[in-house]
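Only one structure is covered here, and it is reproduced in the block below.
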Amino acid sequence: MSQGRADPDEELVARIARGEPGAANKFVALKLGRILALARRMLTDAVEAEDVAQEVFLRVWRHAPAWRPGAARFDTWMHRVTLNLCYDRLRRRREIPQAEPPEMPDTGPAPDRGLLAADVGRAVEAAMAKLPHRQREAIVLCHYQELGNIEAAELMGISVEALESLLSRARRSLRATLAPMAQGL
């Protein structure tokens, strides 16, 4: 395991593998929020994100008996599975042309409060959606999932320097895209 860190999920995964009652429920309760957040940020679609999260936990259930600790943290494997499923869906989106974009529910604050915050949130979401996939992945892992650079780089299968380069390019692009909005505030 990298840097000699113990896997905090090792015991719970072993309990899931043995079919212990309640182990899967406890695991889902611990991990669902982060997996959903990652999928939502990558896909910008809450329904698709829920489908991805469900598939991730099905794979956890199926793969727990075969998991051998030591090579990587289980959480890292789950994030990689989530990202791969998101990329599969993003590829399918490109392959299926749509006449109109799907309607997205407004999840922002009530109209009488926070209009500016909703506008900023939509602008950031739109700017994130325009980023190349690898840059978006780096931003999501480091800023939204709050992973450190070492862990995010390991998860993406790249060096820390390459991750920092992706982050730098993504931040520069986001700044340029959002600059007109910032000037209007």
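Results, tabulated for the structure shown:
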| read-out | value |
| --- | --- |
| Single residue of the stretch 151-185 satisfying the filter (more than 15 Å from Arg80 (Cα to Cα) and either in contact with a Gly (Cβ under 6 Å, 6 or more places away or on another chain) or of a type in the set (Val, Ile, Thr) (or both)) that is modelled with the lowest pLDDT | Thr177 |
| Pro21 being within 26 Å of Glu146 (Cβ to Cβ) and part of a loop (DSSP other than H, G, I, E, B) | no |
| Within the stretch 127-155, tally of residues that are assigned to a helix (DSSP H, G or I) and touching a residue at least 40 places away in the same chain (Cβ under 8 Å) | 14 |
| Unmet requirement for Phe27, which otherwise passes all of (1) in a helix (DSSP H, G or I); (2) touching a residue at least 24 places away in the same chain (Cβ under 8 Å); (3) surrounded by fewer than 20 Cβ atoms within 10 Å (Cβ to Cβ) | (3) |
| Selection within the stretch 62-80 - surrounded by 15 or more Cβ atoms within 10 Å (Cβ to Cβ) and assigned to a helix (DSSP H, G or I) | His63, Ala64, Phe74, Asp75, Thr76, Trp77, Met78, His79, Arg80 |
| Any pair with Cβ under 6 angstrom, 6 or more apart, that starts in the stretch 35-48 at a residue that is free of Cβ contacts under 8 Å to residues at least 40 places away in the same chain and ends at one that is crowded, with 16+ Cβ neighbours inside 10 Å and in a helix (DSSP H, G or I) | Leu36/Ala49; Leu36/Ala53; Arg40/Ala49 |
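The values are calculated or read from the model by the stated rules, or taken from the named source; none is laboratory data. It should be emphasised that the depicted structure is a prediction, and the values quoted were computed from it without experimental measurement. Cβ coordinates were reconstructed from backbone atoms using ideal geometry, including for glycine residues, and neighbour counts include every protein chain displayed.
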